[in-house]
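K.L.:
What follows is a single structure, and I will ask about it in a moment.
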Amino acid sequence: MTPILELKGITKRFPGVLANDHIDLTLNKGEILALLGENGAGKSTLMNILYGLYQPDEGEIFINGEKVTINSPTDAIHQGIGMVHQHFMLIPVFTVTENVMLGNESVKKLGFLDRAAAAKRIREISDQFNLAVDPDNYIRDIPVGVQQRVEIIKLLYRDAEILIFDEPTAVLTPQEADELFKIMHLLVEEGKSIIFITHKLREVLDISDRVMVIRRGAVVGEVLPENADQNSLAAMMVGREVDLEVEKIESHPGKVVLSIENLTVVDKFDEIQVENVSLEVREGEIVGVAGVQGNGQSELVYALTGLLKHQSGKISMLGQSIDKFTPRQITELGSAHIPEDRQLDGLVLPFSVAENLVLCTYYQEPFSKGVILQFPVIMENAKKLIENFDIRTPSAVTPVGSLSGGNQQKVIIARELSRPIKFLVASQPTRGLDVGSIEYIHKRLVEKRDEGAGVLLVSPELDEVMKLSDRIAVMFRGELIAVVENKGISKETIGLLMAGIVPDEISPADSSTVAETTL
Amino acid sequence: MTEDKKDPGVVFLKEINEPEEKPKKSFLGKAGIPLLSIFTGLVIGAILIAATSSTVWTAFGQGFGKGLAEAWREIITAYKALFTGSLGDPARMIRSLSSGDAVEIRRAFNPILESLVQSTPYIFAGLAVALGFRSGLFNIGVEGQLFIGAAAATYVGYAIKGLPVYIHMPLAFLAGAAGGAIWGFIPGFLKAKTGGHEVINTIMMNWIAFRLTEWLLSGPMTRPGSGGLPLSPMIEDSAKIPQFFASPIRFHLGFFIALIVAFLVWWLLFKTTWGMNLRTVGTNPRAAKYAGLDTGKSIMLAMTLSGALAGMAGAVQVLAVNHSMALGLSSGYGFDSIALALIGNNHPLGVVLSSLLFGTLRNGATRMMVVSSIPIDIVDVIQAIILMLVAAPAIIRSIYRLRKPKQEEPQVFLSGWGGQS
């Protein structure tokens, strides 16, 4: 049988870089092909070539055995290729129907839009693939998971046969991701073909029919999921053996470094985001805060770092009440903060690596004397940290914005962990990073714990929380519904807690603290 | 991979930058767009000169070749006048040097010296805007701050008598800076404490400044015997910033003060903790807040310093050139300075260079108007075109088929619109 899509010898060079090196790819009708690779491996370039955004320097594309040239996304759609972007291309104030019609409007006489006809088609597609999308809803009113399905409908509406999913689970909760996988299965059953781009190993093993691994622009191998496991895939992806398990010795919690009592935080819209939370973090332990994103974790972190004043309750850090402290005072107390959005909150992208490395301390000796910055010292500091933290940058004066995501995160990690700290708040420290960087950052966090710092790890990735934490606190709708020892507790139990259900096995006696719950 | 995939360009950036680094931008790479903009502005200006000239139209009526020749002649005359009027006539300069006649030398070099005089207030005002932009603030109030600065300098200049020059002159100059600083501080304070946007507040402060100085000059600060005309008394000789040569050459010490201040602004922005604070807040206020910086303080400091620089622009005009204050003090320095700062990429050195360009064009325009029948307004048009091209580099890039820079264009000035405090 002729494959529905065949790429032969695709090569793309950018100045100084070989982004794609003679890549061959075959996609059969009705299969899910996973394209696995680290950030910057060349996956996106390849897909942008397929989608008509770049022209290959060499190589040919065949669709159903016929050679084609794709000069623009319009060409690609015409050839039946559709892409679900990681960041949705939807207009929030338009309805589902209007969004789907955009660029492909059905019209009545005199050029009036025929919304009804489009809505009918959308309903049909939605029913056929079990998408449960109401065409009359406004995009701004529907959850992210449903928005993604609208993107899928946009492709099906344009009769796409080959669907490219670019990191589709990055924005989804575990439950939403499972839903998506069901939809993907249904799509291939109905004869569509899917290319699934990801760097999450578990997802690859779960749903793909075939896995292609790319490293540094070249195909390094193709495997069937039944013949592979996470470790072997990670090794192919990174090019060396990777420790997926974090080695951790037993924790030896010491003095309390952070104590939160009955904390309530309201956001700027006067909505309660954190309600009556009490928690302690001790020296030498990692406390993980689990929960689906948007359940008050961010606001909890803002309150702890002084970015948002809390309404009531007490926070004390290292024995001092920090209720009225500014962020700088809290930092000077001996705490560090890895913010959840490294580009918006953690770094000044046009500034050099060296400047970013002293962003919290530039005003102190030895980085400045009086008001005069001491650039030799700042550069020396940068050189040391670049080496110690293995930051891959051409030089210390390179703007941080031109580094890869993993290396940007390393700049923050280096800045925060190189200070003598007693307490660390790490908010989604590995968000969007590849396996190699995640492994590295996890090791560093555990190292800091073993040196005696208390760590509060906030992450929506349950795997990460379970892997690193000594104790796990679960947040649901702003409340802490349970704090449990991370010993023999199952992922399912935590998953239930994240959904707000307290299973019988978690009785108040088992957990160190159980906040009052309204459930 | 959440930050990935924003658009193909960003993806492309990420892919090619890992781990290789883009080559360092050469000076030409940095100055290329402004230089080409100036060139293009002059070319379009030439077309306008030809197109608006009646003699050219008449010549075209007699034949195409004649029309072209006449257009060429007209353009050459105009631009020759523009350049000799602003930079001087090279032949005359050489002749005067070989003749050794001191008066003749001064006369020959006067055009270029006068260009420096014209550039001086531009430098101060341009620095004011650039410092604001670097700190994430769009100070449109430079014109108003300039007026208040000028008024303060004037007052100290004529009201205090009997001081030696080395005290009186700096005192009057600093009074000007202080006046501008106060006028800048007010919108800065409002932004930091209430979030009121500095763009709106500085525009409003401009109007207050214009009317306030009008009242001052025709009331409390009016020149005795002027019959209530808005004109101040002459300042004391001890308050004057010295001119180097005999009249009519007006070249004065203020130009060098401007260069020193430009250096100080550069030093402050890039070498001190204050500057690091200002730039961090200006470039990424969120990251600044996370890193523990006090964004409110930074905004107030930036507006105060920016206002002080604007005040110096007014002070230098009064103390060195006009020696009294009238309402026609500024020919829109405060507004042109926004353009200057942008052309100079908000860098003090860039501001100095673009100020020299503007001052030169302004100075040459006067002579161009006298020699040919070209209206002085054509220079405004050329300036406007240059500015438009600098503000939209894509135009220049598409005209000259330049490749896109691999890194995003520095657009610090946009952050002022974000409304983050």
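The values are calculated or read from the model by the stated rules, or taken from the named source; none is laboratory data. The structure presented is a predicted model; accordingly, all values stated were derived computationally and were not measured. Virtual Cβ from ideal backbone geometry, glycine too; neighbours counted across all protein chains shown.
K.L.:
Kindly check whether there is at least one residue in the range B:329-339 that is over 14 Å from the mean Cα position of the chain (by Cα) and modelled with pLDDT under 95. Full working, then the answer.
P.N.:
Of the range B:329-339, the ones over 14 Å from the mean Cα position of the chain (by Cα) are B:329.
Filter once more, so that each one left must be modelled with pLDDT under 95: B:329.
Within the range B:329-339 (the criterion being over 14 Å from the mean Cα position of the chain (by Cα) and modelled with pLDDT under 95), the answer is yes, since at least one residue qualifies.
K.L.:
Can we say B:T272 is more than 22 Å from B:I186 (Cα to Cα) and within 12 Å of another protein chain (Cβ to nearest Cβ)?
P.N.:
yes
K.L.:
For the range A:330-363, what are the residues that are closer than 16 Å to A:Q374 by Cβ, within 9 Å of chain B (Cβ to nearest Cβ) and either within 23 Å of the chain's Cα centre (by Cα) or in a helix (DSSP H, G or I) (or both)?
P.N.:
A:E355 - this is the single residue of the range A:330-363 that is closer than 16 Å to A:Q374 by Cβ, within 9 Å of chain B (Cβ to nearest Cβ) and either within 23 Å of the chain's Cα centre (by Cα) or in a helix (DSSP H, G or I) (or both).
K.L.:
Anything in the range B:308-340 that is crowded, with 24+ Cβ neighbours inside 10 Å and aromatic (F, W, Y)? List them, or say none.
P.N.:
Of everything in the range B:308-340, just one residue is crowded, with 24+ Cβ neighbours inside 10 Å and aromatic (F, W, Y), namely B:Y333.
K.L.:
Could I ask something else about it? Within the range A:364-397, can you find the residues that are at the interface with chain B (Cβ under 7 Å from one of its Cβ atoms) and surrounded by fewer than 20 Cβ atoms within 10 Å (Cβ to Cβ)? Steps first, please.
P.N.:
Residues of the range A:364-397 that are at the interface with chain B (Cβ under 7 Å from one of its Cβ atoms), as a first pass: A:368, A:371-373, A:392, A:394.
Listed by number, the residues that qualify are A:V371, A:I372, A:R392, A:P394.
K.L.:
Then there is this: Give the number of residues within the range B:269-307 that are crowded, with 22+ Cβ neighbours inside 10 Å and of a type in the set (D, E).
P.N.:
0
K.L.:
Does B:R223 satisfy being of a type in the set (K, R) and under 21 Å from the mean Cα position of the chain (by Cα)? If you could, list the steps in order and put the result at the bottom.
P.N.:
Numbers: of a type in the set (K, R): yes; under 21 Å from the mean Cα position of the chain (by Cα): no.
Taking the combined requirement at face value, the residue does not satisfy it.
K.L.:
Among A:V213, A:V204, which is the only one that is surrounded by 19 or more Cβ atoms within 10 Å (Cβ to Cβ) and touching an Asp or Glu at 6+ places or on another chain (Cβ under 9 Å)? It would help to see each step written out before you state the result.
P.N.:
Working: A:V204 fails: touching an Asp or Glu at 6+ places or on another chain (Cβ under 9 Å).
Result of the check over A:V213, A:V204: A:V213.
K.L.:
Which of (1) crowded, with 22+ Cβ neighbours inside 10 Å; (2) of a type outside the set (S, T, N, Q); (3) assigned to a helix (DSSP H, G or I) does A:E98 not meet, given it meets every other one?
P.N.:
That leaves (1) as the condition not met.
K.L.:
For the range A:367-401, name all the residues that are under 15 Å from A:N356 (Cβ atoms), free of Cβ contacts under 8 Å to residues at least 12 places away in the same chain and in contact with a helix residue (DSSP H, G or I) (Cβ under 7 Å, 6 or more places away or on another chain).
P.N.:
Matches in the range A:367-401: A:L373 only.
K.L.:
Condition check: assigned to a loop (DSSP other than H, G, I, E, B), under 21 Å from the mean Cα position of the chain (by Cα) and in contact (Cβ under 8 Å) with a residue 40 or more places away in the chain. Does A:P429 satisfy that? Explain how you work it out, then say what you get.
P.N.:
On the way: assigned to a loop (DSSP other than H, G, I, E, B): yes; under 21 Å from the mean Cα position of the chain (by Cα): yes; in contact (Cβ under 8 Å) with a residue 40 or more places away in the chain: yes.
Yes.
K.L.:
Same structure again: List every residue pair whose Cβ atoms sit under 9 Å apart, with the two residues 6 or more apart in sequence or on different chains, where the first one lies in the range A:144-172 and is assigned by TED's automatic domain parsing to the domain that holds A:V96 and farther than 17 Å from A:L131 by Cβ and the second, anywhere, is basic (K, R) and assigned to a helix (DSSP H, G or I).
P.N.:
Cβ pairs passing all conditions: A:D166/A:K43.
K.L.:
Would you check if there is a residue in the range A:7-26 being at the interface with chain B (Cβ under 10 Å from one of its Cβ atoms), part of a helix (DSSP H, G or I) and closer than 28 Å to A:L433 by Cβ?
P.N.:
no
K.L.:
Then there is this: Select from the range A:47-73 the residues that are in a loop (DSSP other than H, G, I, E, B) and among the aliphatic types (A, V, I, L, M) and write down the one among them that is nearest to A:K29 (Cα to Cα).
P.N.:
Quick first cut of the range A:47-73, residues in a loop (DSSP other than H, G, I, E, B) only: A:51-57, A:64-65, A:69-72.
Adding the requirement that they be among the aliphatic types (A, V, I, L, M) leaves A:53, A:70.
Details: A:L53: 24, A:I70: 20 Å.
Step by step, filter the range A:47-73, then rank; the result is A:I70.
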